[in-house]
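Notes to accompany the following structure.
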Amino acid sequence: MRALALLLLAVCCGNPAALAREGSGVILIVSERAAVKALARDEVASLFLGMGAGRSAIQGVTPVDSEDSELRELFYQTLLGRSRNQMRAYWSRMVFTGQGKPPRSLPPEDIVRELAQRPDLVAYLRGDQKPPPGTRTLLVLP
């Protein structure tokens, strides 16, 4: 019975074993040249849900998602408690109703290069990674 429950959890919510294995959380990074100096957890949530237009602290900041599916799953589970499928459904609804579009996705190796070129971008990395040169940490999500 327990094995069946774990199987259902894995199917419905992604891969909890992978999430537990990560265990190190996520860090939010920006370029050292970015105007934004700090963001609260709720501001990050609003930003990555496309609700940043009315909030002065996050105006002019553009979120970037990682194409690394495990990292993206970890980020949204840690930040919002939502699975990849829940986020896909959320963005489908937002796009369909004309209320927004999801953040652009980049491969992890391109994120640092983009941050160097565009200081308005904000992205995330695994918590066990050291922020690359030219970036700084805005927030740590355990």
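What the table below lists for this structure:
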{"item": "Under 5 Å, built H, 5+ apart or other chain: amide partners of residue 83", "result": "none"}
{"item": "Interchain or long-range residues, amide H under 5 Å from residue 25's placed H", "result": "127"}
{"item": "Tail fraction, Cα-Cα pairs, segment 33-142, threshold 16 Å, whole percent", "result": "59 percent"}
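Every read-out reported here was derived from the displayed coordinates using simple, explicitly stated rules and does not represent laboratory data. These figures come from a predicted structure and were not determined experimentally.
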